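Participant: My structure is below; once you've seen it, I'll send some questions.
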Number of protein chains: 2
Amino acid sequence: MNGGQALIRTLVACGIDTCFMNPGTSEMHFVAALDDVPEMRSVLALFEGVATGAADGFARMAGRPAATLLHLGPGLGNGIANLHNARKGRTPVVNVVGDHATYHKRYDAQLESDIETLARNVSSSIRWCTTPAAVGRDVVDTIVAAEGPPGQVATLILPADVSWGDGGEVGARPAAAPPARVDDGVIEEIAAALASGEPACLLVGGRTGRAAAMAQAAAIASKSGARILCETFPARLERGAGRVAVDRLPYLGEMAMAQLMGLRHLVLVDAAAPVSFFAYPGKPSDLVPEGCRVHALCPRDGDLTDALARLAERVGADARTVARAPLARPSAASGPLGAEAVCAVVAELMPEGAIVSDEANTSGLLAPQLTTGAPPHDWLCLTGGAIGQGLPVALGAAVACRDRRVIALQADGSSLYTLQSWWTMAREGLDVTTVLFNNRSYSILNLELSRVGAGAGGPRAKEMLDLGRPDLDFTALARGMGLAASRATTTEELREQLARALATPGPAVIEAMVPQVF
Amino acid sequence: MNGGQALIRTLVACGIDTCFMNPGTSEMHFVAALDDVPEMRSVLALFEGVATGAADGFARMAGRPAATLLHLGPGLGNGIANLHNARKGRTPVVNVVGDHATYHKRYDAQLESDIETLARNVSSSIRWCTTPAAVGRDVVDTIVAAEGPPGQVATLILPADVSWGDGGEVGARPAAAPPARVDDGVIEEIAAALASGEPACLLVGGRTGRAAAMAQAAAIASKSGARILCETFPARLERGAGRVAVDRLPYLGEMAMAQLMGLRHLVLVDAAAPVSFFAYPGKPSDLVPEGCRVHALCPRDGDLTDALARLAERVGADARTVARAPLARPSAASGPLGAEAVCAVVAELMPEGAIVSDEANTSGLLAPQLTTGAPPHDWLCLTGGAIGQGLPVALGAAVACRDRRVIALQADGSSLYTLQSWWTMAREGLDVTTVLFNNRSYSILNLELSRVGAGAGGPRAKEMLDLGRPDLDFTALARGMGLAASRATTTEELREQLARALATPGPAVIEAMVPQVF
């Protein structure tokens, strides 16, 4: 068994059976080993950012990491943006990067670069495989690091000669340590804050995005008269009819501050204290109101389920009795197509069990609100602000959940970073319907230009935010990648096209022509 | 004047008048300043890898760097692969990366990451702007570092508050130091080696790619009975009819070793000692034959022109008398379309002054040989092995040379990393004709799979190297980005389409359907 085979066999032995890859020459022994280990499913991406984002989407839905396979420093570079998003979303990724043979590095060949410095930007754990015999152990250590909690990007660098060298050994996973129990003192402190009669709010995020934890948190808030808000961009939110509906903290700092105003206690439930996404002249970065105490219920690696249960018991809350969203779809939208009408039609038609990958940005602003009462579904957000995550995450989610429908709500500008995702959706025959909002602009930057105090922008500045001239034809782009595609210019067209796409196996793209929201 | 304005004004004052950008919120003050400094030409890219590759192509042809403008760590990540290529090709790039406001960084907002660790992978110089008053000096230092020689990627990190803060000052460029003169002893040593009667070869690269230097080197070789070879992937080669024709060292190590066999002296003329591109089991990385002495004529930062002139004088060589390639086009190819026929038609039709960006990989193998006698032109190669460079380099070269025709010879698999280049070509109305070799495969990896000793590959391995299923339709993709596009399936169709594209202003894509070479 060579090192490459040991790597794949160890991954499979540890339950990691999916690898999103864009390999090169230095990874050919890994690729060759795929035929020896049929339990490993390999998915080809045409660009590394697709592979890393797909690994993120897969892990969010599967609840276990996928592996990547990237080619040297430049391949890792291409994958950095979506690894950044995974890092910020605390999604586990087993990030495998091939390298030159160990003895070849000193010759500074053309593709030689310092891989580790790149990996450090996104990885809490970086391991070099140095011998085939150690590969199994290195893989296990990397998996354990990736899984956390919290989930992390853990990078394993595999030199070509370690991959082709004999003497590989399959590693065994150690027994997982249980997550740390939260101190009684913390539970008491928070219970006291909630009982104080002072304005309080639970800010939930991370693992609280799962329905059972959210119901528990909502019950605690309800029982104690506290408010509850969800972090702005959760990695995964189980929501819809029959589940607890929780508003998300707005993206715009001004609106978030208005939401939080007057609070004396902010209880963080697997969420970070709220900060402004960007800095703006004269506006605060820290969004916690003055005089508000921040309490953290549970560290990121702590036992959240247990902490929520104990706090619920302490305050006398019962998740079974907390209010759930009723089934309620928007009534049939009609008339001229706009961003809101698109969101309404999606809310009207999305099937039970849908997975929504939301990178609609400005166009999707109303989508969460309009889908509150849609049949139960999962909602996946852009976790790290690096655009180009939506389509790869949709792809990865669809690989993880082949029996569910995936809907990608996708802004035009953002789509163009990782558009190659569409080809892999077609190759894998995945049931992903992309609703592409074509407003021919980096609309959010038009908004931000004035928000940062840079004025309205002259014509040359505006030109840098404009995606027209020439107009992008996403229907043609999707067809070029082998997908069924159509363009909707009215609400009726959109409804008909979306209904058909959702009833047809395989991927499709619907290009919704919409005006800018801002 | 704010920091952003000071930055742009300093760039312009130092002769840097072109910026390829993909900005975000933290760069909005830079963007707003574009309307205050009309001398700065800004070119929007839809993906950062396009911007960084275009900056590379621009500098190769303009002889001076362009600037980039990238958004935070993830934006830099997306630009890394083509910055890697620029680094390996010693092309200067003034790489500007926006960052959060200095006071905002500690809040670990969603887009916060360690930018410097990414920059280190590609940059010999990294500077943080800390105050508006220091911006001008920081920019000048960055430009000087980028220009070298040798050319380098120099990174300037611009926090948003430094960009929007008042008190900016325009920096002034210091007088450039002349490059170091090569010692007489080195000239003597090499002259003696060339006069020894032992088999000798000049390996030329880097700055020797310009016609005058190449003629000088060829005259030295010719006069002393030495051979002359060019590095495998030069950044820029002035060649064609009336210029010296020099073969390039083959990509495949076995073939390169055959070329170099028996040599006793290898004289490096702004080139690195030859090494294998990748490592292969049982094959050497170092391609210098045993018993061959390696002599370096001139350090990368030395005065190459002077060193060549002195060596020429020492050996009695005269560049004016060295043999030049005669004007000779392939006779009209016909019949079924294959990679060779495509290259022949390009050679037949390419106009005088053409700039060829060559990322045709396996399909383009015969293109250099077939164009040896084409009218004088420039040839730009993939310098660092990170695929996805060809189209951005073509774009940047066209921005630098608006009066010349650019031909991008582009492999299908490689094109998909930075396909967004096409849109910017259309927006800028650039005369770039892309000849896209569609062989529906990562053909080079099929070759490499067996070369690394991984066997012929089973069906699952082969699947990872295959771009069919679904077939990519590059004609549709190009039209989706606003370009004229057509598909050629016979040699006659290709000739007719290429002739028309070369006679029409603006960009066009011709999709040449070809079988795999390997």
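The values are calculated or read from the model by the stated rules, or taken from the named source; none is laboratory data. Remember, it's a predicted structure, so these values are computed and weren't measured experimentally. Because the Cβ atoms are built from the backbone with ideal geometry, glycine has one as well, and the counts that use them run over all protein chains shown. For accessibility, only protein heavy atoms count, side chains too; no ligands or nucleic acids. Shrake-Rupley method; radii C 1.70, N 1.55, O 1.52, S 1.80 Å.
Participant: Can you find a residue that is surrounded by fewer than 24 Cβ atoms within 10 Å (Cβ to Cβ) and under 18 Å from the mean Cα position of the chain (by Cα) anywhere in region B:125-144?
Facilitator: no
Participant: Does B:T102 satisfy the condition of being out of contact with any Gly (no Cβ under 8 Å at 6 or more places or on another chain) and either more than 10 Å from chain A (Cβ to nearest Cβ) or over 30 Å from A:V288 (Cβ atoms) (or both)?
Facilitator: Criteria not met by B:T102.
Participant: Same structure again: Going through A:Q497, A:Q516 one at a time, which residue ends up being farther than 30 Å from B:V162 by Cα, more than 10 Å from every other protein chain (Cβ to nearest Cβ) and crowded, with 20+ Cβ neighbours inside 10 Å?
Facilitator: Only one candidate passes the filter, namely A:Q497.
Participant: Tell me whether region B:397-404 contains one or more residues that are assigned to a strand (DSSP E or B), open to solvent by less than 10 Å² (accessible area, probe 1.4 Å) and more than 14 Å from chain A (Cβ to nearest Cβ).
Facilitator: no
Participant: So, one more: Residues that are facing chain A (nearest Cβ under 9 Å) and open to solvent by 10 Å² or more (accessible area, probe 1.4 Å): find the helices (runs of 4 or more DSSP H) completely inside region B:1-90 holding 2 or more of those.
Facilitator: Answer list for region B:1-90: B:28-33, B:72-89.
Participant: Here's something else I'd like to know. Would you mind stating whether A:A394 is within 22 Å of A:L44 (Cβ to Cβ), outside any loop (DSSP other than H, G, I, E, B) and not polar (S, T, N, Q)?
Facilitator: Answer is yes for this residue.
Participant: Condition check: over 27 Å from the mean Cα position of the chain (by Cα), within 13 Å of A:A160 (Cα to Cα), of a type in the set (A, V, I, L, M) and open to solvent by less than 40 Å² (accessible area, probe 1.4 Å). Does A:A101 satisfy that?
Facilitator: The answer is yes for A:A101.
Participant: Next up: From A:T383, A:T372, grab the single residue that is out of contact with any helix residue (DSSP H, G or I) (no Cβ under 8 Å at 6 or more places or on another chain) and among the β-branched types (V, I, T).
Facilitator: Answer to the selection: A:T372.
Participant: Which count do you get for residues in region B:105-117 that are more than 7 Å from chain A (Cβ to nearest Cβ) and either over 16 Å from A:A279 (Cβ atoms) or not in a loop (DSSP other than H, G, I, E, B) (or both)?
Facilitator: Counting residues in region B:105-117 that are more than 7 Å from chain A (Cβ to nearest Cβ) and either over 16 Å from A:A279 (Cβ atoms) or not in a loop (DSSP other than H, G, I, E, B) (or both) gives 4.
Participant: Could you tell me which residue of region B:307-326 is nearest to B:A411 (Cα to Cα), considering only residues that are surrounded by fewer than 13 Cβ atoms within 10 Å (Cβ to Cβ) and not polar (S, T, N, Q)?
Facilitator: So the residue we want is B:P326.
Participant: Among residues belonging to region A:474-485 that are surrounded by fewer than 24 Cβ atoms within 10 Å (Cβ to Cβ) and assigned to a loop (DSSP other than H, G, I, E, B), point out the one that is farthest from the other protein chains (Cβ to nearest Cβ).
Facilitator: Within region A:474-485, the match that is farthest from the other protein chains (Cβ to nearest Cβ) is A:L483.
Participant: For region B:264-278, state whether one or more residues are out of contact with any helix residue (DSSP H, G or I) (no Cβ under 7 Å at 6 or more places or on another chain), in a helix (DSSP H, G or I) and modelled with pLDDT of 95 or more.
Facilitator: There is no residue in region B:264-278 that is out of contact with any helix residue (DSSP H, G or I) (no Cβ under 7 Å at 6 or more places or on another chain), in a helix (DSSP H, G or I) and modelled with pLDDT of 95 or more.
Participant: If you check A:A258, A:A226, which single one turns out to be modelled with pLDDT of 95 or more, in contact with a helix residue (DSSP H, G or I) (Cβ under 7 Å, 6 or more places away or on another chain) and more than 23 Å from A:A328 (Cα to Cα)?
Facilitator: A:A226
Participant: Just to verify a result, which residue in region B:429-473, among those that are away from every other protein chain (no Cβ under 11 Å) and assigned to a loop (DSSP other than H, G, I, E, B), is nearest to B:A488 (Cα to Cα)?
Facilitator: B:N439
Participant: Got a sec? Which of B:G385, B:G429 is under 22 Å from A:N22 (Cβ atoms), open to solvent by 10 Å² or more (accessible area, probe 1.4 Å), touching a residue at least 60 places away in the same chain (Cβ under 8 Å) and of a type in the set (G, A, S)?
Facilitator: Sole residue among the options that is under 22 Å from A:N22 (Cβ atoms), open to solvent by 10 Å² or more (accessible area, probe 1.4 Å), touching a residue at least 60 places away in the same chain (Cβ under 8 Å) and of a type in the set (G, A, S): B:G385.
Participant: Follow-up question, since we're still on this one. Open to solvent by less than 40 Å² (accessible area, probe 1.4 Å) and part of a loop (DSSP other than H, G, I, E, B): does that describe B:Y251?
Facilitator: When the stated conditions are applied, B:Y251 does not pass them.
Participant: Moving to a separate point now. Taking the criterion of being part of a strand (DSSP E or B) and either on the phi > 0 side of the Ramachandran plot or over 20 Å from the mean Cα position of the chain (by Cα) (or both), would at least one residue in region A:206-220 satisfy it?
Facilitator: No; the residues of region A:206-220 include none that is part of a strand (DSSP E or B) and either on the phi > 0 side of the Ramachandran plot or over 20 Å from the mean Cα position of the chain (by Cα) (or both).
Participant: Moving to a separate point now. Report, by residue number, each residue of region A:145-172 that is among the hydroxyl-bearing types (S, T, Y) and either more than 14 Å from chain B (Cβ to nearest Cβ) or part of a strand (DSSP E or B) (or both).
Facilitator: A:T155
Participant: Of everything in region A:432-462, what is of a type in the set (D, E, K, R) and open to solvent by 10 Å² or more (accessible area, probe 1.4 Å)? Give them in sequence order.
Facilitator: Within region A:432-462, A:R440, A:R451, A:R460, A:K462 qualify.
Participant: What residue, of A:S163, A:S224, is of a type in the set (S, T, Y) and open to solvent by 10 Å² or more (accessible area, probe 1.4 Å)?
Facilitator: A:S224
Participant: Taking B:A488 and the conditions (1) buried (at least 20 other Cβ atoms within 10 Å of the Cβ); (2) within 30 Å of B:A279 (Cβ to Cβ); (3) more than 8 Å from chain A (Cβ to nearest Cβ), which numbered condition does it fall short on, given that it satisfies the others?
Facilitator: (2)
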